[in-house]
Amino acid sequence: MIEALFRKIIEITLTASVIITVLLLISPLLNKKKYTAKWRYFVWLILAVRLVIPINFTLPNPPVVIEPHAIQTMFSPAPAISPSAAVAPSNIDADANFVENTGEITQHTVVSLEQIISILWLAGIILFISYQYIGYALFKKSVLRWSIPVRDKRIIEIRNQLLADMSIKKSIKVMTCKKISSPMMMGVYRPVILLPHEDFCIDDLKVILKHELIHYKRHDIWYKLFLMYANAVHWFNPLVYLMVCEASKDIEISCDEEVVKNANIRFREQYCEVILSAMHRRHERKTVFSTFFYGSKKVMKKRLINILDMSKKRHGIVALCSVVLITVFSGLFVACQNDKIASAELIDNISLLDSGNSYSFTNDKLVIFYNKGAVSAEVPLTIDPSDPAAQNQIGIYISKEKTAVAYHSLNNPGKVEVLISDDMGQTWNTYPVEGTETKKDFFYDKLIGFTTRKDGWLVLGGSVSTGHQYHYIYLTADGGKTWTETGNLNKIYDHVITGAGFANNKIGFICFRYVNEINPVVYRTEDGGKTWEKCDISIPESYKYTYATPLSPSFYGANGVLPVILRDNEQDREIAIRYTTSDYGRTWVYDSEYQPIIVQL
């Protein structure tokens, strides 16, 4: 749950970062063209809302796809491999069984890097918000300790008049505080205007109180609170800090514009004098839950120039609408790969290795067994009794989410079809794999699997001749209804296939039988089979026998398991070991905690 939420935040922070960068770059240009600060005031608010709401809609094939790396930590030995529960059968006889287990096998716990980062992200939010609230609580306690209600009737009268003129029904308390050096408003639910002293002239008091009451009427403290939450959620993004800083400046500048709206130059000069007087005093620590009459020298200079500028300014409605549209639709073009998988119900293919799913052929009928035989289902497929090799030419994938059987059509032997069940064998649908009948080869080997209910893969292997075998890869994105040929590595490595598996709809693996090197031969693709690179997998020195046969890898997100059969010529036996990955198969590590299993073929 937290990982999916974090992936949404990553998508949002990337698109928002682009918008923030553009806004920061064009702001000086818009200032020169005499735009008011109010449009930026609303732009930052819209962006803050976008940053806080963890909802993102993406295109089916967005141009930017993020694949978060993950890492697993094995706390105890992993479960044994059961060939009957494998994602797809390899070229090794389907009736192979395990006759000896050299050690007790227990369950394992997997913790991915994504989970760790997600937890750190959540911890960062808690720390960030805690720091802000604790800082405010200490500041409030210190300030109120030295605050008393105003005694000067002039201040009360000016406040009441301004409240009436500005149609503010709530009576805002005004207090003096010796701990502050410039006027400010503090508090979210019960705001209070604080003055450093009561010795202000009438005109200055009107300006100061109007400034703070405009903040109140516009709910600027709530605005700043919302900015704080956006900053907390994206505490790892430096651009969000810059956005919050710029928004805080524009809150004050836009407030100044409201104060001097339709005012003459004399009033503007007086307003500037009040601000300049605050500049000569020491200013206190700022908190999220308050407004300050004073700012940094650079900000104050900008405010003074803006206040004295009496030229007509543009409202920036077009610019505001443009940013709104960009903000709303920018998320369509960025997607986190794991998020797509999660939304399509990721299948844990690693757990299938020990789930007890299996199949058998009885009276030329194929029967599927789920959950160690607790549920069984007959596949509506007739096996050709005249062909003794027909059973070995069927590809089978079994899970409670999706069951698939790849076979040759009896009506058209050159055409491959796939039987699909989404309800553990209760109902079945038949879907053709288009184009298979046009291939020159008859497909003897069929390896099939699904990473989600929608995303699946099919590898078809042709006839074996002098140790060579052509193969073709098909992918589906609609649960097996349609299959599209995506590629192969026949021109790179066309030897006999011993296994295949995909981590998602892009990343896949083809495994080959030993030819002239002792280490497992496994190739990896990141684009659905168009291009390939060889995996660097080495056999431990203690297990370097005659040859290694990698079987079909199984995946659950970034985490994967690769079984490997080693031939022990000295003792005339074969041993099953395994490798694990936590980064979508970029690197494979020998699982030393997994107890090797003696296999009888």
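The values are calculated or read from the model by the stated rules, or taken from the named source; none is laboratory data. This is a predicted model, so every value here is computed, not measured. Positions of Cβ are generated from backbone atoms using ideal geometry, with glycine treated the same way; all protein chains shown enter the neighbour counts.
Here are some notes:
- Complete set of residues in the stretch 542-601 that are under 26 Å from the mean Cα position of the chain (by Cα) and either part of a loop (DSSP other than H, G, I, E, B) or modelled with pLDDT under 90 (or both): P553, G557, A558, S582, D583, Y584, G585, R586, T587, W588
- Each residue in the stretch 160-190 was checked for being touching a helix residue (DSSP H, G or I) at 6+ places or on another chain (Cβ under 6 Å) and charged (D, E, K, R), and 1 pass.
- Residue satisfying condition, being of a type in the set (V, I, T), farther than 30 Å from L346 by Cβ and outside the structural domain of H471 (by TED's automatic domain parsing), within set I577, I539: I539
- Residues satisfying the stated conditions in the stretch 168-195, i.e. assigned to a loop (DSSP other than H, G, I, E, B) and more than 22 Å from I253 (Cα to Cα): K169, K170, S171, I172, K178, K179, Y189, R190
- Scanning the stretch 540-555 finds one or more residues that are touching a Gly at 6+ places or on another chain (Cβ under 9 Å), under 21 Å from H468 (Cβ atoms), touching a residue at least 40 places away in the same chain (Cβ under 8 Å) and of a type outside the set (S, T, Y).
- Exclusive hit being surrounded by fewer than 17 Cβ atoms within 10 Å (Cβ to Cβ), over 30 Å from E485 (Cβ atoms) and either of a type outside the set (S, T, N, Q) or out of contact with any Gly (no Cβ under 9 Å at 6 or more places or on another chain) (or both), set I575, I518: I518
- Picking from residues in the stretch 500-518 that are at pLDDT 90 or above and either among the small types (G, A, S) or farther than 24 Å from Y397 by Cα (or both), the one that is nearest to the chain's Cα centre (by Cα) is A503.
- Test: residue in the stretch 134-152 that is of a type outside the set (S, T, N, Q), closer than 30 Å to I2 by Cβ and surrounded by fewer than 13 Cβ atoms within 10 Å (Cβ to Cβ): yes
- For the stretch 375-395, the set of residues classified as at pLDDT below 90 and over 20 Å from L458 (Cβ atoms) consists of T382, D384, P385, S386, D387, P388, listed by residue number.
- Flag if I193 is free of Cβ contacts under 8 Å to residues at least 40 places away in the same chain and buried (at least 20 other Cβ atoms within 10 Å of the Cβ): yes
- Complete set of residues in the stretch 259-273 that are buried (at least 17 other Cβ atoms within 10 Å of the Cβ) and either among the charged types (D, E, K, R) or touching a Leu at 6+ places or on another chain (Cβ under 6 Å) (or both): R268, C272
- Of note, G395 does not satisfy the criterion of being at positive phi, in contact (Cβ under 8 Å) with a residue 40 or more places away in the chain and buried (at least 17 other Cβ atoms within 10 Å of the Cβ).
- Test: residue in the stretch 52-63 that is touching a Leu at 6+ places or on another chain (Cβ under 9 Å), farther than 20 Å from S248 by Cα and at pLDDT 75 or above: yes
- E212, sole failed condition from (1) within 30 Å of I19 (Cβ to Cβ); (2) in contact with a Phe, Trp or Tyr (Cβ under 9 Å, 6 or more places away or on another chain): (1)
- You will find that of I172, I193, I208, I180, the residue that is assigned by TED's automatic domain parsing to the domain that holds P238, modelled with pLDDT under 85 and touching a Leu at 6+ places or on another chain (Cβ under 8 Å) is I180 and no other.
- Check on I158, surrounded by 14 or more Cβ atoms within 10 Å (Cβ to Cβ) and either closer than 30 Å to I221 by Cβ or modelled with pLDDT of 90 or more (or both): yes
- Flag if T581 is of a type in the set (S, T, N, Q), surrounded by 21 or more Cβ atoms within 10 Å (Cβ to Cβ) and without any contact (Cβ under 8 Å) to a residue 40 or more places away in the chain: yes
- When K297, K313 are checked against the criterion of being modelled with pLDDT under 70, in contact with a strand residue (DSSP E or B) (Cβ under 8 Å, 6 or more places away or on another chain) and either under 30 Å from R190 (Cα atoms) or surrounded by fewer than 19 Cβ atoms within 10 Å (Cβ to Cβ) (or both), a single residue qualifies: K313.
- Odd one out for K530 among (1) charged (D, E, K, R); (2) touching a residue at least 24 places away in the same chain (Cβ under 8 Å); (3) farther than 21 Å from G456 by Cα: (3)
- Residue satisfying all of: in the stretch 201-251; over 31 Å from the mean Cα position of the chain (by Cα) and either free of Cβ contacts under 8 Å to residues at least 24 places away in the same chain or closer than 27 Å to T15 by Cα (or both); surrounded by the fewest Cβ atoms within 10 Å (Cβ to Cβ) among these: C201
- Residues of the stretch 402-419 that are within 19 Å of A477 (Cβ to Cβ), crowded, with 22+ Cβ neighbours inside 10 Å and hydrophobic (A, V, I, L, M, F, W, C): A404, A406, V416, V418.
- Leading residue by the ranking (surrounded by the most Cβ atoms within 10 Å (Cβ to Cβ)) among those in the stretch 435-487 that are assigned to a loop (DSSP other than H, G, I, E, B), under 39 Å from the mean Cα position of the chain (by Cα) and basic (K, R): K454
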